[in-house]
Structure formats: structure tokens, C-alpha cells
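The values are calculated or read from the model by the stated rules, or taken from the named source; none is laboratory data. Here the structure is a predicted model, which is why all the values come from computation and not from measurement. In this analysis, Cβ positions are derived from the backbone assuming ideal geometry, glycine residues included, and neighbour counts consider all displayed protein chains. These area figures cover heavy atoms from the full protein model, side chains too; ligands, DNA and RNA do not enter into them. Shrake-Rupley method; radii C 1.70, N 1.55, O 1.52, S 1.80 Å.
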Amino acid sequence: MSSTEKLKAAFVETLGISKDTDFENLKYRGIEEWDSVAHMQLVNEIETAFDIMLSTDDVIGMSSFNIAKEIIAKYGISFDA
């Protein structure tokens, strides 16, 4: 499973959204399912999936799927282009 697929799976599992979601345009509070409580659950799921510990600034700054990829990449995880 690629890093992008793993990240998408974390979003699908945590937010209960479809695998067919337009992830490139997915933003925090852009959908009803991604509220503050779900955000913290998503952070936990991402940390577990990638075996990393996000900083507080990264947790706060993770406002979209694409930004989540950028943040995770800072921890040495590579994403396909």
C-alpha cells in the first residue's frame, strides 16, 4: 500500500467517507464529518498508520488532505507524485 493510499484509508476509516471522495479538495470543516473531534481521531489514526508523532503545530496546521501529505512528508514519509 502506498503512502497516499494509507493516508486515504486513514481519512476513510476515521471520517466514514467514501473511498471515491475527492481527496484533493478535502478540507477541515469542508465536510460535516471532519469536525474538531474527528480531527483528533484522524490525527491518532495517522500517527498509528505511519508510526509518527505529530507536533502540536502540525496537528493545528493540518487543514486539508494535501496539507496532511506535506506535514507527514516532514517525518520522512515519501508520497508518490
Condition met for Glu70 (in a helix (DSSP H, G or I), under 17 Å from Lys6 (Cβ atoms) and open to solvent by 90 Å² or more (accessible area, probe 1.4 Å)): yes
Out of all the residues in segment 14-45, which are under 17 Å from Asp58 (Cβ atoms) and hydroxyl-bearing (Ser, Thr, Tyr)? Thr14, Tyr28, Ser36
Restricting segment 24-50 to residues that are in contact with a Phe, Trp or Tyr (Cβ under 9 Å, 6 or more places away or on another chain) and not in a helix (DSSP H, G or I), the residue that is farthest from Glu5 (Cα to Cα): Asp35
Within segment 1-13, restricting attention to residues that are under 15 Å from Ala73 (Cα atoms) and of a type in the set (D, E, K, R), which residue is surrounded by the fewest Cβ atoms within 10 Å (Cβ to Cβ)? Glu5
From the residues in segment 14-48 that are touching a helix residue (DSSP H, G or I) at 6+ places or on another chain (Cβ under 6 Å) and among the charged types (D, E, K, R), which one is surrounded by the most Cβ atoms within 10 Å (Cβ to Cβ)? Glu45
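If I filter segment 6-13 for residues that are small (Gly, Ala, Ser), modelled with pLDDT of 95 or more and not in a helix (DSSP H, G or I), do I get at least one hit?
No - not one qualifying residue is present in segment 6-13.
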Return the residues of segment 14-23 that are in a helix (DSSP H, G or I), farther than 15 Å from Glu70 by Cα and not β-branched (Val, Ile, Thr); say none if nothing qualifies. Leu15
